[in-house]
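**Student:** Shown below is the structure under consideration.
Please treat every number below as a calculation from the coordinates, not as lab data. Source: prediction; values computed, not measured. Every residue, glycine among them, receives a Cβ derived from its backbone with ideal geometry; neighbour counts consider all protein chains shown.
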Ligand SMILES: *Cc1c(COP(=O)(O)O)cnc(C)c1O
């Protein structure tokens, strides 16, 4: 870890903070540490003189350091590792990234990786999501947002970061800093000092403490007590062609400023909150044993939420398996760098070739399919035993081996060059408590059949039968893995669990136009609706081509405007629909919630006379998916 000023507000002084953090390493045999802080060096050397110590950093006294002018972009980065030298190219050259790279080098060297491998790995690193995010703003501004924490260290990093952008004019918005280590006077003097080196065109100080030091800042400086006051002043609305750095302590909620300044490229979006997906997964995990594996079903474009974006997020959070319906879906994931095992539930005969090429794992549901797949393995000359998943029919009556076929199945499995990675089945009614007897019968059949298979095979493959609803009602039968789907989105059949889930998806757009309509005037195609009285009609830019079923026109369905439900009037068009605003004081450009909020996804599914699964997977691809993450 890096021992900087983070968390310092909980300590009396820097030394106390360092000593506390160093306790973390009392059982370590080797300590690889950032040696740029003298105090950290001294403390480690005093406390842990008996351990193997390796220091890295930008200063010359470190064991591992950079020995070139790393600001010169034409040069490779040259690193001295004890007496050895190695070089690698680097796109990001801010000090934080470089010190992190040094840490990685130290660790890989310690684990015995070759220099070639280390350089290769560093070159393959994807840009880590920066705490400092940059987004395009309105009026050609570029917004650099760092409203996660605010201390001196992170301010210095932010200043280094913005210098990588070639923008002539820079604006700073900065809030009070909470730091008990320094007294206000020396803290804000220091802040002003490093800020004055940055040549900002203007500075907005938010908060009563920092505002007291206004005269210390050289640029044109404005002060505000709160974020709200700053926004209401309209001062931000005149910013043009600026790099705007937002640096705010959490409680100042600078994300409001960000959304105010951000360029909204798409009016109609399906917004997916990745944090909510993770939260929902964790809620389901909390119902399971820690060692139970989890397969995330990402079939059908992850239930409409997106392709590799969701899979990549799940992979990052160590999901054990991903499940797709078709080989093509799996291939797309592999092409986008997904390396997690992928189970293909509906492998088409013509796709066995790519299944093998892309290292996907097929569901095998009949003797016919087993033979076809085995032949393909042979044809391709595959030597190692290939992982497959045996689907057992227990009551869904869709796909799978029947109990009476098991002997023949096992015989064939032994003959072919395959390894059964898992045995599984699917519950038809885990979300219907009244069908408990049927579900239990399915589970018992599964137990019996899967035991038969593994006994005959002589090894124990992973077993799994629970879907989302199963996890919440039948967790005693989690076996070694479960398969989560709709639960990730925040939907649950179990009211107790539902309460804990967060909604992960919002379909929203904005009002295109508002028309005053007189009593008796008709709206839309075929004059299906005539105004009952004088009213205001809003036109919304989504239609059946976006996945809004035509059957919810003519007052069958509602959308949310200003947190109230307004009814859809007239026939839904291909790309538009109209709603009756009645006396809601909405204006053109205002937000419209199609679902999740008011109405909820469940309510919207009700208008459509279907279930959330169908609503989500019907939203057309032309609706832009955007992903948010705290
Ligand atoms: C889609 C699917 C799931 C996930 O179902 P949810 O109800 O969304 O949890 C689990 N298993 C199989 C075989 C599936 O096809």
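**Student:** Rg and Dmax of the stretch 1-155, Cα atoms, in Å?
**Tutor:** When restricted to Cα atoms, the stretch 1-155 yields Rg and Dmax of 17.4, 59 Å.
**Student:** At a temperature of 4 °C and a viscosity of 1.567 mPa s, determine how fast the stretch 383-539 diffuses translationally according to Stokes-Einstein, using the Kirkwood radius over alpha-carbon pairs as Rh; express D in µm²/s, rounded to the nearest whole number.
**Tutor:** The Stokes-Einstein estimate is 66 µm²/s.
**Student:** A further question follows. Kirkwood Rh and Cα-based Rg: tell me the resulting Rg over Rh for the stretch 505-629, rounded to two decimals. Write out the running numbers ahead of the final one.
**Tutor:** Details: Rg = 13.8 Å, Rh = 14.5 Å.
Result: Rg/Rh = 0.95.
**Student:** A follow-up question, please. In terms of the Cα gyration tensor, with a ≥ b ≥ c the square roots of its eigenvalues, is the stretch 328-436 rounded because a/c is under 1.5, prolate because a/b exceeds b/c, or oblate?
**Tutor:** Since a/c reaches 1.5 but b/c is at least a/b, the shape of the stretch 328-436 is classed as oblate.
**Student:** Considering the alpha-carbon set of the stretch 477-529 alone, what are its Rg and its Dmax in angstrom?
**Tutor:** Values for the stretch 477-529 (Cα only, Rg and Dmax): 21.7, 64 Å.
**Student:** Using helices alone, what [θ] at 222 nm do you get for the chain, with -39,500 (n - 2.57) per DSSP H run of 4 or more residues, divided over all residues and rounded to the nearest 500? Working shown, then result.
**Tutor:** Numbers: 21 runs with 198 residues, N = 630.
Result for the chain, helices only: -9000 deg cm²/dmol.
**Student:** Percent of Cα-Cα pairs more than 17 Å apart in the stretch 237-340, please. It would help to have the intermediate numbers written out before the result.
**Tutor:** Working: 3500 of 5356 pairs.
When all Cα pairs of the stretch 237-340 are counted, 65 percent exceed 17 Å.
**Student:** May I ask for the distance between the Cα centers of the stretch 199-278 and the stretch 159-197, given as a whole number of Å?
**Tutor:** 14
**Student:** Moving to a separate point now. Eigenvalues of the Cα gyration tensor times 5, then square-rooted: what semi-axes does that give for the stretch 431-523, in whole angstrom, largest first?
**Tutor:** Values for the stretch 431-523, descending: 47, 15, 13 Å.
**Student:** Further question on the same structure: If we restrict to alpha carbons, what Rg and Dmax does the stretch 1-88 come to, in Å?
**Tutor:** Taking only Cα atoms of the stretch 1-88, I get Rg and Dmax of 15.0, 44 Å.
**Student:** Under the Kirkwood approximation for Rh and a Cα-based Rg, what ratio Rg/Rh is obtained for the chain?
**Tutor:** When Rh is taken as the Kirkwood radius, the ratio is 1.02.
**Student:** Give me the extension gain from residue 15 to residue 500: residue separation times 0.36 nm, minus the current Cα-Cα distance, reported in nm with one decimal.
**Tutor:** 170.5 nm
**Student:** Over the stretch 311-384, one equal point on each Cα, no solvent: what is log10 I(q)/I(0) by the Debye formula at q = 0.11, 0.21, 0.23 Å⁻¹?
**Tutor:** -0.27, -0.88, -1.00
**Student:** Let me ask something else. At what distance in angstrom do the alpha carbon centres of the stretch 417-461 and the stretch 334-399 lie from each other?
**Tutor:** Spelled out, the Cα-based centre of one part sits 19 Å from the other.
**Student:** Per-residue counts of other Cβ atoms within 10 Å, averaged by peptide: what ranking do you get for 605-611, 421-427, 232-238, 150-156, highest first?
**Tutor:** Those peptides, ordered most packed to least, come out 421-427, 150-156, 605-611, 232-238.
**Student:** What translational diffusion coefficient, to the nearest whole µm²/s, does the stretch 132-263 have by Stokes-Einstein, given a Kirkwood radius computed over alpha-carbon pairs, a temperature of 10 °C and 1.306 mPa s viscosity?
**Tutor:** For these conditions, the coefficient is 110 µm²/s.
**Student:** So what is log10(I(q)/I(0)) for the stretch 271-498 at q = 0.10, 0.13, 0.14, 0.15 1/Å, when the Debye sum runs over its Cα atoms only?
**Tutor:** Once normalised to I(0) and log-transformed, intensities are -0.44, -0.75, -0.88, -1.00.
**Student:** Also: Sort 201-211, 133-143 by the packing proxy (mean of other Cβ within 10 Å over each peptide's residues), most packed first.
**Tutor:** 201-211, 133-143
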